[in-house]
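Here is the structure we will look at, set down as structure tokens.
The values are calculated or read from the model by the stated rules, or taken from the named source; none is laboratory data. The model shown is predicted, which means the values in this text are computed figures rather than measured ones. A quick note on method: Cβ atoms are made from the backbone with ideal geometry, for glycine too, and the neighbour counts reach across all protein chains shown.
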Amino acid sequence: MKKLKICIAGLGNVGSSVVNLIEKNSSYVETKSHLNLEIIGLSAKNKNKERSFDIKKYKWAETPIDLLNINDAKPDILIELIGYEKGISYDLVKSALNQKIHVVTGNKAMLALHGQELFNIAEKNKVSLLFEAAVAGGIPIIKTIKNNIFLNKIKKISGILNGTTNYILTTMEYQNKSFNDVLEDAKQKGFTSDHESKLDIGGYDAAHKLTLLSSIAFGGEIDFNLNEIEGIQNITIEDINFAKQLGYRIKLISETCVIDNKIYSSTKPKLISLDKPLANANNALNAINIETDQLQNLYLEGEGAGGLPTASSILSDIFEIASNSEFRSTGYKTGQLIEYQKFDSSNIESKFFLRIRVIDQSGVLSKITSYLNEYNISVEKILQFADSKENHIPILITTHKIKMSELLNSVKKIGDLEFVDENISIIPIE
């Protein structure tokens, strides 16, 4: 029986679930893995908060850094679930690694912005810094890429990496509510908070996760600056309803691939055909599609957040640490990682959806199409709909493949026309 001493910093929903899972499944874990997991210390912001387990059973550290030597006992593994991008989270993880303590974390922001340094320290001290819980909750995406398909040449990863935005877009569609109304609903249900919502709806949370996936998929240095990011705050219920009439659903899609030896990493709203699995991953689910030289389509879908799903990923990292003698946190030696440059996305061709709200008067449609023709933009479909606003109509256009830079030149001219009533909505079509 192998014994592992564990300390946990951060006892929110995930941290508490880890404690409960270890307590509940200790006999099962011992029987199946021959591991004895002993929690030797806990730390959180508020010791007196009511929790789902008996905190008196465990030693308490007044500050997280005290967990690294609690009552003269050094943990084998530190679980960091505080969640700050830097500050105490960064200091704690860095100190643990320098003291040759393995670290398991769910902190995607910290790793996306400072992971290169921390992985170097882990490798130097021959310990692991594992992060399955940082990406897609309970979906084993990190181990799938790092272990199961490591010898595949990955062509592209794309998917839904943020459950909050997926919940918001789904609820807008099914309940016909505005973005702001559903955002408040998501806060009340605990899917997000005032602080977290800026990262969620702005696309930054998903981009943090994509940074990690891109690194382990393509063997690149961790560089958050390679991302292009656009959130869902400008998506209207009109966009959602019109897209559905055209046979699409709007999702916040994160995707990464290598083009001309450069990284293209993008998180932005896209129209997904209703017959695609990604379009039907609804509510707070996450879903990821991987294309490789050996697998045309590897699709994973599941709970991307929440206490138990994320705790499951943390336990899988603990088992990996116990099972391995060679510790490569990202699957690569850090000295082998490639310093990729950012690909200029304006050169990527895509189909696009345009929504143009105009004053209803003669000659409007011909003027719009003339500007599209001027820039050789091939139109696939044009639709006009009646509107509740007097003398206003929305015009919907889907294009054939065109470069974004060429489309923007045309859209700028159209947007300056006196009969265009508001900003033109532009959403790429997958």
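Some observations on this one:
- Only one of the listed residues (Ser312, Ser316) is under 27 Å from Asn13 (Cβ atoms), under 24 Å from the mean Cα position of the chain (by Cα), of a type in the set (Ser, Thr, Tyr) and buried (at least 20 other Cβ atoms within 10 Å of the Cβ). That residue is Ser312.
- Some residue of the range 13-29 being under 24 Å from the mean Cα position of the chain (by Cα) and farther than 16 Å from Ile318 by Cβ: yes
- Of Leu396, Leu383, all but one fail to be in a strand (DSSP E or B), buried (at least 16 other Cβ atoms within 10 Å of the Cβ) and in contact with a strand residue (DSSP E or B) (Cβ under 6 Å, 6 or more places away or on another chain); the exception is Leu396.
- Going through (1) in the same structural domain as Leu67 (by TED's automatic domain parsing); (2) closer than 26 Å to Phe191 by Cα one by one, Phe131 falls short only on (1).
- Single condition Leu92 does not satisfy, out of (1) farther than 25 Å from Gly335 by Cβ; (2) surrounded by fewer than 24 Cβ atoms within 10 Å (Cβ to Cβ): (2)
- Looking across the range 116-151, the residues that are of a type outside the set (A, V, I, L, M, F, W, C) and in contact with a Phe, Trp or Tyr (Cβ under 8 Å, 6 or more places away or on another chain) come down to Glu123, Lys126, Ser128.
- Counted residues, the range 26-52 - those being closer than 19 Å to Leu4 by Cβ and in a loop (DSSP other than H, G, I, E, B): 1
- Unique match (being on the phi < 0 side of the Ramachandran plot and without any contact (Cβ under 8 Å) to a residue 24 or more places away in the chain) among Asp416, Asp421: Asp416
- Any hit, the range 353-364, residues being surrounded by 18 or more Cβ atoms within 10 Å (Cβ to Cβ) and in a loop (DSSP other than H, G, I, E, B): no
Conditions tested, residue by residue: (1) farther than 20 Å from Ile429 by Cβ; (2) surrounded by fewer than 17 Cβ atoms within 10 Å (Cβ to Cβ); (3) among the hydrophobic types (A, V, I, L, M, F, W, C); (4) outside the structural domain of Asn282 (by TED's automatic domain parsing).
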{"site": "Lys209", "(1), (2), (3), (4)": "yes, no, no, no"}
{"site": "Ser214", "(1), (2), (3), (4)": "yes, no, no, no"}
{"site": "Phe224", "(1), (2), (3), (4)": "yes, no, yes, no"}
{"site": "Asn227", "(1), (2), (3), (4)": "yes, no, no, no"}
{"site": "Gly231", "(1), (2), (3), (4)": "no, no, no, no"}
{"site": "Asp239", "(1), (2), (3), (4)": "no, no, no, no"}
{"site": "Phe242", "(1), (2), (3), (4)": "no, no, yes, no"}
{"site": "Arg249", "(1), (2), (3), (4)": "no, no, no, no"}
{"site": "Leu252", "(1), (2), (3), (4)": "no, no, yes, no"}
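- Index of the failed condition, Ala122 passing every other in (1) in contact with a Ser or Thr (Cβ under 6 Å, 6 or more places away or on another chain); (2) assigned to a loop (DSSP other than H, G, I, E, B); (3) among the hydrophobic types (A, V, I, L, M, F, W, C): (2)
- Scan of the range 370-425 for residues that are within 33 Å of the chain's Cα centre (by Cα) and acidic (Asp, Glu), ordered by number: Glu380, Glu406, Glu422
- Selection count, the range 108-155, where residues are closer than 20 Å to Asp76 by Cα and either surrounded by fewer than 18 Cβ atoms within 10 Å (Cβ to Cβ) or over 16 Å from the mean Cα position of the chain (by Cα) (or both): 13
- Counting the residues of the range 1-45 that are among the β-branched types (Val, Ile, Thr) and farther than 24 Å from Gly190 by Cα gives 6.
- In the set (1) touching a His at 6+ places or on another chain (Cβ under 7 Å); (2) at positive phi, Asn376 fails one condition alone, (1).
The rows are residues; the columns are (1) surrounded by 24 or more Cβ atoms within 10 Å (Cβ to Cβ); (2) β-branched (Val, Ile, Thr).
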{"position": "Ala61", "(1), (2)": "no, no"}
{"position": "Leu68", "(1), (2)": "no, no"}
{"position": "Asp76", "(1), (2)": "no, no"}
{"position": "Ile79", "(1), (2)": "yes, yes"}
{"position": "Gly83", "(1), (2)": "no, no"}
{"position": "Ile88", "(1), (2)": "no, yes"}
{"position": "Asn98", "(1), (2)": "no, no"}
{"position": "His102", "(1), (2)": "yes, no"}
